[in-house]
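Input: a single structure, listed below in structure tokens.
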Amino acid sequence: MKKILSTALMVVFGFLLVACGGSGSDSDLVGTWEREHDFGTTTIIFYEDETGTWSMDSVEFAPEEFEWSTRGNTLTKEFIDYDEIEEFEYEIDGNSLTLIENGHEFIYTKVD
């Protein structure tokens, strides 16, 4: 009986971890990522507190701040200064971050 109760508690605990664990920080994302393209360099910085900045060196404006979260392989960025939410599929392979939005892939390299 104790073995059955113990197994049942482990299963319930496992479900609770899965249900509550999807929106936390993904430590592999934390850091600075850059992407070179025809117009210059785009930089995304993900901080441990689930905030970040996005900037492009060819555009003259302050870096845009956002809050971020992950759930499964989906990355959500919610910009702080204006009402816009972006969702990407993402994959990290070593120092490479691939963001996929509407079938377009954007590949960033980790620089720190």
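The values are calculated or read from the model by the stated rules, or taken from the named source; none is laboratory data. Keep in mind that what you see is a predicted model, and the values were worked out from it rather than measured. A quick note on method: Cβ atoms are made from the backbone with ideal geometry, for glycine too, and the neighbour counts reach across all protein chains shown.
To keep it simple, each residue is scored yes or no on (1) surrounded by 13 or more Cβ atoms within 10 Å (Cβ to Cβ); (2) in a strand (DSSP E or B); (3) among the β-branched types (Val, Ile, Thr); (4) touching a strand residue (DSSP E or B) at 6+ places or on another chain (Cβ under 8 Å).
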{"site": "THR70", "(1), (2), (3), (4)": "yes, yes, yes, yes"}
{"site": "GLU78", "(1), (2), (3), (4)": "yes, yes, no, yes"}
{"site": "ASP81", "(1), (2), (3), (4)": "no, no, no, yes"}
{"site": "PHE88", "(1), (2), (3), (4)": "yes, yes, no, yes"}
{"site": "LEU99", "(1), (2), (3), (4)": "yes, yes, no, yes"}
{"site": "ASP112", "(1), (2), (3), (4)": "no, no, no, yes"}
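Tell me which residues, restricted to region 92-112, are more than 15 Å from PHE46 (Cα to Cα) and without any contact (Cβ under 8 Å) to a residue 40 or more places away in the chain.
Within region 92-112, ASP93, GLY94, ILE100, GLU101, ASN102, GLY103, HIS104, GLU105 meet the criteria.
Answer with yes or no whether SER58 is touching a Gly at 6+ places or on another chain (Cβ under 9 Å), surrounded by fewer than 16 Cβ atoms within 10 Å (Cβ to Cβ), part of a strand (DSSP E or B) and touching a residue at least 12 places away in the same chain (Cβ under 8 Å).
Answer is no for this residue.
Suppose we filter region 46-80 for residues that are small (Gly, Ala, Ser) and under 20 Å from ARG35 (Cα atoms); how many remain?
4
Taking the conditions exactly as written (surrounded by fewer than 14 Cβ atoms within 10 Å (Cβ to Cβ), more than 19 Å from LYS110 (Cα to Cα), modelled with pLDDT under 90 and in contact with a strand residue (DSSP E or B) (Cβ under 9 Å, 6 or more places away or on another chain)), does GLY14 satisfy them or not?
No; evaluated as a whole, the condition is false for this residue.
Which residue is nearest to the chain's Cα centre (by Cα), if the candidates are limited to region 32-54 and must be more than 15 Å from ILE107 (Cα to Cα) and assigned to a strand (DSSP E or B)?
So the residue we want is PHE46.
Could you tell me which of the residues THR74, THR41 is surrounded by fewer than 15 Cβ atoms within 10 Å (Cβ to Cβ) and at pLDDT 95 or above?
Within the list THR74, THR41, the selection yields THR74.
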